[in-house]
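The values are calculated or read from the model by the stated rules, or taken from the named source; none is laboratory data. These numbers come from a predicted model, not from an experiment. We place every Cβ from the backbone using ideal geometry, glycine too, and count neighbours over all the protein chains shown. Ligands, DNA and RNA are stripped out before the accessible areas are found, and what is left, the full protein with its side chains, is counted by its heavy atoms. Shrake-Rupley method; radii C 1.70, N 1.55, O 1.52, S 1.80 Å.
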Amino acid sequence: MLRTYPMREADLLVTLFTRVEGKVRGVARSAKKSKRRFGGALEPMTHVRAFYDVRERQELVRLDACEVLASPLAREVGYARAVGLAHLAELLDELLPDHEGNDAIFRLTLSVLQVMTNDNIWMPVTYFDLWLTRLTGFLPELTECVVCGRELNADRAYFHALADGMMCAEDKRLASSELSNESRLLAAQMFRAPVETFAETPWPKALGMDLRKFLMQILQRHIEKKLVTAGMLEKGSF
């Protein structure tokens, strides 16, 4: 479950990310009144088994009922975790096209939700943003300069909000930001291991902050808008 919006007196407009059909939008009739059919199933990032009816020549499906498989509300939701969950939902809603299945992104989402169980959100958020950028095909090569083709290795590397890749010190643009070698090595480690591998690693906000900034610039450039949760994460002191 990604998002819900009020629609008429008792209905809700619902956005789902499904394993087979990708992102689906529909109407949950009388959802504000029927606890039996929906209960807490419409909360963002709840994993559900959804029963819906697809009608010919109608963009919206009719959502009849949901069975909760896993809910973030099974644990206490603090402010930081609420922001983290909203961030995942916003990215999926903004980035993914309607009715285009993506099993890899679906599995990524489930695995990250399984480790985002408290307010220590920086590792799962970093992992999700990195892999989502890669799986959508937006992530450039991190080991070479996009301008001259030189291998960066342990050399200093830079990125710019209007550039598509990494740049060496000689080719960087004015007002570029640096992506540390530590963060590039961290990204390489995350590409080689499942998210559970990093679950016990202390992860303050400062760790990978430049990597998250780099990824957000890429994603926001492709969706051509600012993500609300990106600003909330940037300002967060959790």
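Taking all protein chains as shown and a probe of 1.4 angstrom, THR136 keeps an accessible surface of around 40 Å². When the trypsin sites (Lys or Arg not before Pro) in segment 1-69 are filtered for DSSP coil states and for at most 14 other beta-carbon atoms within 10 Å of their beta-carbon, the remaining sites are ARG8, ARG19, LYS33, LYS35, ARG36, ARG55, ARG57. Using a Gaussian network model of the chain with C-alpha springs under 10 Å, which one of ILE223, ILE121, ILE105 is most mobile by mean-square fluctuation? Residue with maximal mean-square fluctuation among ILE223, ILE121, ILE105: ILE223. Rg then Dmax, both in Å and based on the Cα atoms of the chain: 19.5, 63.
Rounded to the nearest 20 debye, the dipole magnitude of segment 42-123 is 240 debye, with +1 charges on Lys and Arg beta carbons, -1 on Asp and Glu beta carbons, and the Cα centre as origin. Taking the charge dipole of segment 101-195 about its Cα centre, with +1 at Lys and Arg Cβ atoms and -1 at Asp and Glu Cβ atoms, the residue from VAL146, ALA187, SER177 reaching farthest to the positive side is ALA187. For the chain, the residue among VAL115, LEU60, THR133 whose Cα projects farthest onto the positive side of the dipole built from Cβ charges is LEU60. The ASP64 and MET209 beta-carbon pair, evaluated with R₀ = 35 Å, returns a calculated FRET efficiency of approximately 0.20.
Here, segment 46-185 has an Rg and a Dmax of 19.5, 59 Å when only alpha carbons are counted.
Across LEU108, LEU162, LEU42, mean-square fluctuation computed from a Gaussian network of the chain (C-alpha pairs under 10 Å connected) peaks at LEU162. Please check: in the Gaussian network model of the chain (C-alpha springs, under 10 Å), which one of GLU21, GLU141, GLU200 has the largest mean-square fluctuation. With Cα springs under 10 Å in the chain, the top fluctuation among GLU21, GLU141, GLU200 is at GLU200.
For the chain, the solvent-accessible area with a 1.4 angstrom probe is 53 square angstrom per residue.
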